[in-house]
Each structure stands twice: as C-alpha cells, then as structure tokens.
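Each remark here refers to the structure printed beneath this line.
Read-outs: derived from the displayed coordinates by stated rules, not from any lab. These numbers were taken from a predicted model, which means no experiment stands behind them. Every residue, glycine as well, gets a Cβ built from its backbone with ideal geometry; the counts of neighbours run over all protein chains shown.
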Amino acid sequence: MDGVDPAAPDERDDDEAPGLRKIIHVDMDAFFASVEQRDNPELRGKPVAVGGAGGRGVVAAASYEARKFGVRSAMPSVTAKRLCPDLIFCKSNFDTYREVSQQIREIFRQFTPHVEPLSLDEAYLDVSDDILGIGSATRIAELIRQRIREKTRLTASAGVSYNKFLAKLASDQNKPDGICVIRPGEGAAFVQSLPVRRFHGVGPKGAEKMARLGIETGADLAARDIAFLRENFGSLADYLFRAARGIDLRPVRANRIRKSVGGERTFSDDISSGAALRDTLERIVDIVWERIETSRSQGRTVTLKMKYNDFTLVSRAKSMPRNISGKAEFGAMGRELLEEQLPLPLPIRLMGLTLSNLENHPSQTGDQPERKPDTAQLSLL
C-alpha cells in the first residue's frame, strides 16, 4: 500500500527559544466519517468511507470501523472496497463539515486567542496565558473535549505538551476519544521510544532507508550526529536531529497566511512508466483540488514536484496571468508539466502538486480551514 509523507515542520518558522509553552493539539476523530455517522443513524457502527465509490474515486476519510480493515484516507476506492467488501461510501458534504468546524473553532477561542488551524478538524492552541485562570493545560484540554462532545455530539482527541511537535504526537497516542500529556522533561524519552515512522516527514521509503542504516526508533535516530544525518538525509537532517530530542521551537501562529495548497504522494515502489505516472497524477489532482475547494483558495501557479529514487528533488512550475479557472485547467497544467519531464532519467519515489501565488483574502489565513496531512497517506503542503 502506498504511503505518503506528512510534511515535516518548516524550520523557517523557528523563532528563538521562547521557554516552555503550554500547547494543546486537538484532532477530531475520523471527522468527515463521524459527521456522516452522526447525521445518519443507520451508518453508526458500520464501516464508512467518505469519497467517490468507483472509477478513479479516492477515500477522503474512513471511520474507525473501516480502518480496522486497512482502509485509509487517499486510498483508491477500489482498493478500499477490496479490503472491506461491506464498506459504505458517502458523498462528501463540505458545507456541513465547515459548519461543524466553525463550532469547534468557537470553542477553542473560549480558552485562547492563539489558535492555529491546520485543517477543518485539527488545530494547535497555545494556552500559556491561561486567560480563564484554569491553572492547567490538561484541564483546559479536557474541558475543550467535553464542550466539543456537548456541542457537536462528536469526539476529539488531544495532546498536551510544551511544544507543537510533541503535542501533535501526543494527540495521536490514545485515539479515538483520548488524551495524552507529555510533561517538561519527558519529551526526549517519549520521542525516543517511538518508531521513526511516527515522525512527521518520514514516509515508507524514508523508514526503509533508516532501517538499512540501523535506525528504527527515535533512540536510534538520537544516537546519530548531525553530520551523519546531513550526509544521508540532506535538508531533512536538522529537523530529524531536533525531533529525536523532542525539540521544536515553532510558535503557534494564529492568522498564518497560507502560501500554497497542495499534496504529495510517496510510493511503496518506485515508478517510472508514463502510464503509472499519469495515473498517479490524476489521483493527486482529485485530492488536491478537493482541498483547494475546501479552503476556497485561488491562485495562479501550479508546481509539480518529484523526488527521484536517489533522493534528488526537482520541481517545475507554470503560471497564468490570472487565477486558475477550475479543476480542468489545474489538471491540464499539471499534466503539461509532467509530459515535459518524460521520459524520466530515474524512477521516482514521490510526486506532488501544489497551487501557489494565492490571492490574499481572508480565506487564506489560518482562520480558514486548511485540510491536514493524513498521517498515513497524504501530505498537504
């Protein structure tokens, strides 16, 4: 099964070390699918996928009942149906998802103005100031989860820690409907106990390369010096070095201006044939354009990114004098960029497509939904 690297934290956002913060990462549980199950009682307790059911359809979200069969976001629908013959497909209803997301955002802002949305269903909160005088970030996280359940009849998981990297790892630790707290002094030990595949930015191929180098856990990674990491992992090295030690200096950024909307896919097996590349590009176009529509983004530049099996990264871009008119034009520009590169000099392990030169209006701030990277399948930049 294909895996896709979640984007590693952008080191350019690092500030000087600000001291310990109180960070909460809230992640709704199987959000799209859970909304469908909430609103359609006949779906409760059954394996549900949101997305297109046939042809080139792609799973946008899967319920926990479906995940037990291996169904994951960004998986081709035909593959999902093969894994789970009783899988029930629902068409996406983004108007409803956005409405629920706004209800959740309102709950967040009852506790702090420092909210950095990553998606319709995921956000970082900095509660260091504790404007309500509650006295505990863990208690705040519990109150947020309680109010979300009362308001939306949905469950959320939360991670609480002193930086964003650890809080995000923690929120995934006790899913669904769970909470995990990583206290000061515990971060390095927590990270070093994890398999490296849990690190954002480490996909299947990256994990395989690390395994060949004797790196399978965070502890193995922490044992390697920065020179070794730079020699073997290039631009990802500094991030890996910090992550293995539980270090992340990025602040929570409310009202962050988005610079691009996109996605990338890492393959289980390197590909080079034109037919396979074209087919993969079509799936990426489908997924990315759905995200573009969800975020109401408009932009003028399409960029194709490919990473060869020697880890060389190349990108090619094409711009229009006006905003891209729709999915058809977005896909056509992506296909044109791909055709210009064929035949490839080497097989590739990753392909991505982004829309940039975005129009700067309110929907491009952190207050507007920005669909998150799925930790198993899709990286959205």
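Add +1 for every Lys or Arg and -1 for every Asp or Glu among the other residues with Cβ under 9 Å from the Cβ of Ala156, and state the total. Show your work: numbers first, answer last.
On the way: positive: Arg145, Arg149; negative: Asp27, Asp29, Asp121, Asp177.
Overall, the nearby charge balance is -2.
Give me the percent of DSSP beta bridges within the chain that run antiparallel, rounded to the nearest 5.
Numbers: 46 of 52 bridges.
So the antiparallel bridges amount to about 90 percent of the total.
Charges at C-beta only: +1 for Lys and Arg, -1 for Asp and Glu. How large is the resulting dipole of the range 189-243 about its Cα centre, in Debye rounded to 20?
Numbers: 8 positive and 6 negative charges, 31 e Å.
So the magnitude is around 160 debye.
Subtract the Cα-Cα distance of Asp86 and Gln103 from 0.36 nm times their separation in residues, and report this length gain in nm to one decimal. Walk me through the intermediate numbers first.
Numbers: separation 17, 0.36 × 17 = 6.12 nm, distance 3.22 nm.
Separation in residues times 0.36 nm, less the Cα-Cα distance, equals 2.9 nm.
Using only alpha carbon pairs under 8 Å that are at least six residues apart, calculate the relative contact order of the range 133-284 and give it in whole percent. Write down the numbers at each step before the final one.
Working: 172 pairs, mean separation 26.7, N = 152.
Worked out over the range 133-284, it gives 18 percent.
Towards the positive end of the charge dipole of the chain, with charges on Cβ (+1 Lys, Arg; -1 Asp, Glu), say which of Ala276, Ala223, Val115 has the farthest Cα.
Ala276
State the Kirkwood hydrodynamic radius of the range 260-364 in Å, one decimal place, computed from all pairs of distinct Cα atoms. Write down the numbers at each step before the final one.
Values: mean 1/r = 0.0722 Å⁻¹.
Result for the range 260-364, one decimal place: 13.9 Å.
Can you compute the modelled spin-label distance between Asp269 and Phe228, with each label point 7 Å from Cα toward Cβ, in nm?
3.2 nm
Under 11 Å from the Cβ of Leu337, count the other residues' Cβ atoms, weight Lys and Arg +1, Asp and Glu -1, and hand me the total. Walk me through the numbers on the way to the answer.
On the way: positive: Lys305, Arg316, Lys318, Arg335; negative: Glu336, Glu339, Glu340.
Taking every other residue near Leu337 into account, the sum is +1.
How would the chain be classified by its alpha-carbon gyration tensor: rounded, prolate or oblate, with rounded meaning a/c under 1.5 and the a/b versus b/c comparison settling the rest?
On the way: a/c = 1.43, a/b = 1.15, b/c = 1.25.
The shape class here is rounded.
About its Cα centre, what dipole magnitude does the chain give when the only charges are +1 on Lys and Arg Cβ and -1 on Asp and Glu Cβ, stated in debye to the nearest 20? Let's see the in-between values first.
Working: 56 positive and 53 negative charges, 71 e Å.
Rounded to the nearest 20 debye, it is 340 debye.
Filter the chain for me: DSSP H helices, axial length by Cα at least 30 angstrom, mean Kyte-Doolittle hydropathy not below -1.0. List them by residue number. Please list the in-between numbers first.
Values: long enough: 274-295 (31 Å, -0.06).
Going by DSSP H runs, the hits are 274-295.
Based on the Cα gyration tensor of the range 31-90, what are the three equivalent ellipsoid semi-axes, each the root of five times an eigenvalue, rounded to whole Å and given largest first? Present the calculation step by step, with values, prior to reporting the outcome.
Details: eigenvalues 56, 25, 17 Å².
Equivalent-ellipsoid dimensions as semi-axes: 17, 11, 9 Å.
Mind listing which GluC sites (Glu not before Pro) in the range 148-219 are in a DSSP loop and have 15 or fewer other Cβ atoms within 10 Å? Could the numbers behind the result be given before it?
Working: sites: Glu150, Glu186, Glu208, Glu216; in loops: Glu186, Glu216.
Those satisfying the criteria are Glu186, Glu216.
Sort Val314, Val115 so that the residue with the fewest other Cβ atoms within 10 Å of its own Cβ comes first and the one with the most comes last.
Values: Val314 13, Val115 22.
Sorted ascending by nearby Cβ count, the order is Val314, Val115.
Would you work out the relative contact order for the chain, in percent, from Cα pairs under 8 angstrom that are 6 or more residues apart? Please list the in-between numbers first.
Working: 790 pairs, mean separation 84.8, N = 381.
Across the chain, relative contact order equals 22 percent.
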